[in-house]
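Undergrad: Right, I'll just put the structure down here and ask away after.
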Amino acid sequence: MKILFICNEYPPAPHGGVGTYVKNIAKNLSDLGHKVYVVGVYSDINNIEELFDGKVKIVRLPTVKGNSIKRNVYVRFNLAKFVEQFSEENKIDIIEIPEGGGFGLFFSNKIPWIIRLHNTAPIYMKSINKQRGFLLSFFENISLFRSTRIVGVSQYILSKSVQLYPLLRYFKRDIKVIYNSIDIVKFQYKSKNYNEHTNITFAGTLKPVKNIMNLIMAFIDLIGSGDFSDVFLHIYGNDSFLNGQSYKENLIKSIPEIYREKIIFHEPVDHDQMNQVFWVSDVCVFPSVYESFGLVAAEAMSCGRPVIYSCTGPGSELIDDGVDGLLCDPYDPGSIKEKIELILKDKEYADKIGENASKKIKKNFSNEIIILQNISLYNEVISNPGKM
């Protein structure tokens, strides 16, 4: 099978969950003998670049500077034109794109193409009553409606997307859920060697939707109680900027001076090194307000670490509360603190949670299991693209 992914954030370019997902699935497919290509639009180049990541061929296209309507339309039209020619030359069987940005706006239907739902930004913006740009929403709506098939990375993102994109209500073809997968070899289980210090870990882009402020408040209450004096909060992730201001700097400024040595902001760690971060953690906390799936939470679970994840969003799809992880109310620092206390007060319970978590990921979310579901979907769409 020859598969083309559209991805504008393929690592090592600045990336989020979509880039991590595409890199992972591309490698898994190529390891099984499939021919995999990735095409994307990038702002840091002036000419087309071609390179390989193992057996995966990457094509980077330069974008057009600016943010006018004409520019946005042109970028999508130019991408569609390139993809059509590239697909014919390389005899592509199927194309996959993310929904964010509506880059399938002008795609031809000569080759079946699916859209995978990843993006929680529209959900978050709606929750804070912030309007998204009409043009972007229009692009995404039309792309979704025109696609051959749609797949979501969780039931949660699927249900929210139906509310966000009106045209999805008229999409008559199958819409499936296929969860993201975890490399259980890289993120393998390791029993906890308890350190002199207790380490609480957060990993993710530093931005409001990740709810780091409430985690910091919970942590300050935790150590302020006097029961957990030798505890440190480790925060890993890329900074983001709001109105030109560093979100990381704003977080640091919000922390009372007396607690700053206990809250450590680390430089971003390469994804391939995150397993080492999890292995030295006593508990990993991800109180995001919105997530499409929660890849980083699943990776920490795979490493055998007790994970505290939000009860909102797809939390219950990943975690059986109290069995293989804990779910908290992300809006309530007291709830986050309470769940951390449950883990730190009972090492035997924490170890059991971690063991169960690793077993669950291996059984339900491993690369080996999920890749077969994706291949089955691709074959189904290729053989019968118009299936209702």
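The values are calculated or read from the model by the stated rules, or taken from the named source; none is laboratory data. Only a predicted model underlies this, so the values are computations on that prediction, with no experimental measurement involved. Virtual Cβ from ideal backbone geometry, glycine too; neighbours counted across all protein chains shown.
Undergrad: Please specify each residue of the stretch 71-107 satisfying the condition of being of a type outside the set (Lys, Arg) and surrounded by fewer than 15 Cβ atoms within 10 Å (Cβ to Cβ).
TA: Once the filter is applied, which keeps residues that are of a type outside the set (Lys, Arg) and surrounded by fewer than 15 Cβ atoms within 10 Å (Cβ to Cβ), the stretch 71-107 yields VAL73, TYR74, PHE77, GLN85, GLU88, GLU89, ASN90.
Undergrad: Something else about it: In the stretch 6-49, how many residues are closer than 18 Å to ASP183 by Cβ and of a type in the set (D, E, K, R)?
TA: Matching residues across the stretch 6-49 total 3.
Residues are listed down the side, and each one gets a yes or a no for (1) in contact with a Lys or Arg (Cβ under 9 Å, 6 or more places away or on another chain); (2) within 20 Å of HIS118 (Cβ to Cβ); (3) outside any strand (DSSP E or B):
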| position | (1), (2), (3) |
| --- | --- |
| LEU4 | no, yes, no |
| TYR10 | yes, yes, yes |
| PRO14 | no, yes, yes |
| ASN28 | no, yes, yes |
| VAL38 | yes, yes, no |
| PHE52 | no, no, no |
| LEU61 | no, no, no |
| VAL75 | no, yes, yes |
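Undergrad: Could you check the stretch 40-50 and list, in sequence order, the residues that are assigned to a loop (DSSP other than H, G, I, E, B) and touching a residue at least 24 places away in the same chain (Cβ under 8 Å)?
TA: Filtering the stretch 40-50 for residues assigned to a loop (DSSP other than H, G, I, E, B) gives 43-48.
Scanning the stretch 40-50 gives a single hit, ASP44.
Undergrad: Name the single residue that is farthest from SER108 (Cα to Cα) among those in the stretch 127-164 being β-branched (Val, Ile, Thr) and more than 19 Å from the chain's Cα centre (by Cα).
TA: Once the filter is applied, the top-ranked residue is ILE128.
Undergrad: Next question. Out of all the residues in the stretch 154-186, which are assigned to a loop (DSSP other than H, G, I, E, B) and closer than 16 Å to TYR309 by Cβ?
TA: Those that are assigned to a loop (DSSP other than H, G, I, E, B) and closer than 16 Å to TYR309 by Cβ: SER154, TYR179, ASN180.
Undergrad: Suppose we filter the stretch 143-170 for residues that are of a type in the set (S, T, N, Q), in contact (Cβ under 8 Å) with a residue 24 or more places away in the chain and surrounded by fewer than 20 Cβ atoms within 10 Å (Cβ to Cβ); how many remain?
TA: 1
Undergrad: Only one residue in GLU341, GLU368 is surrounded by 15 or more Cβ atoms within 10 Å (Cβ to Cβ), at pLDDT 95 or above, over 17 Å from VAL296 (Cβ atoms) and not polar (S, T, N, Q), so which one is that?
TA: The match here is GLU341.
Undergrad: I'd like the full set of residues that are in a helix (DSSP H, G or I), crowded, with 20+ Cβ neighbours inside 10 Å and touching a Cys at 6+ places or on another chain (Cβ under 8 Å), limited to the stretch 261-289.
TA: PHE278
Undergrad: Now, a different point. Which condition from (1) outside any loop (DSSP other than H, G, I, E, B); (2) under 25 Å from GLY16 (Cα atoms) is the one that PHE219 breaks?
TA: (2)
Undergrad: Now, a different point. Among the listed residues LYS360, LYS347, which satisfies the condition of being at pLDDT 95 or above and either under 22 Å from ASP324 (Cβ atoms) or surrounded by fewer than 17 Cβ atoms within 10 Å (Cβ to Cβ) (or both)?
TA: LYS360
Undergrad: Collect the residues in the stretch 239-260 that are over 19 Å from GLY224 (Cβ atoms), outside any helix (DSSP H, G or I) and at pLDDT 95 or above, keeping them in residue-number order.
TA: SER246
Undergrad: Give the residue that is farthest from LEU61 (Cα to Cα), with candidates limited to residues of the stretch 2-19 that are at pLDDT 90 or above and in contact with a Leu (Cβ under 8 Å, 6 or more places away or on another chain).
TA: Among residues in the stretch 2-19 that are at pLDDT 90 or above and in contact with a Leu (Cβ under 8 Å, 6 or more places away or on another chain), the one farthest from LEU61 (Cα to Cα) is ILE3.
Undergrad: Is there any pair with a first residue in the stretch 195-209 that is within 8 Å of LEU233 (Cα to Cα) and a second that is of a type in the set (Phe, Trp, Tyr) whose Cβ atoms are under 6 Å apart and which are 6 or more apart or on different chains, and what are they?
TA: Every condition considered, the pairs that remain are ASN199/PHE232.
Undergrad: From ASN367, ASN374, which residue is within 30 Å of ILE111 (Cα to Cα) and under 16 Å from the mean Cα position of the chain (by Cα)?
TA: Going through ASN367, ASN374 in turn, the sole match is ASN367.
Undergrad: Output the number of residues of the stretch 110-123 satisfying the condition of being within 13 Å of SER87 (Cβ to Cβ) and modelled with pLDDT under 90.
TA: Total meeting the criteria: 0.
Undergrad: Moving on to the next point. Would you confirm whether or not the stretch 362-383 contains a residue that is over 30 Å from GLY33 (Cα atoms) and part of a helix (DSSP H, G or I)?
TA: Looking for residues that are over 30 Å from GLY33 (Cα atoms) and part of a helix (DSSP H, G or I), one finds none in the stretch 362-383, hence no.
Yes/no matrix, rows are residues, columns are (1) without any contact (Cβ under 8 Å) to a residue 24 or more places away in the chain; (2) assigned to a helix (DSSP H, G or I); (3) farther than 18 Å from TYR179 by Cα:
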residue	(1), (2), (3)
GLU291	no, no, no
VAL296	no, yes, no
ALA300	no, yes, no
SER316	yes, yes, no
VAL323	no, no, yes
LEU327	yes, no, yes
PRO330	no, no, yes
LYS339	no, yes, yes
LEU342	yes, yes, yes
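Undergrad: Follow-up. State whether one or more residues within the stretch 178-196 are among the acidic types (Asp, Glu), closer than 29 Å to LYS91 by Cβ and out of contact with any Pro (no Cβ under 6 Å at 6 or more places or on another chain).
TA: Scanning the stretch 178-196, I find no residue that is among the acidic types (Asp, Glu), closer than 29 Å to LYS91 by Cβ and out of contact with any Pro (no Cβ under 6 Å at 6 or more places or on another chain), so the answer is no.
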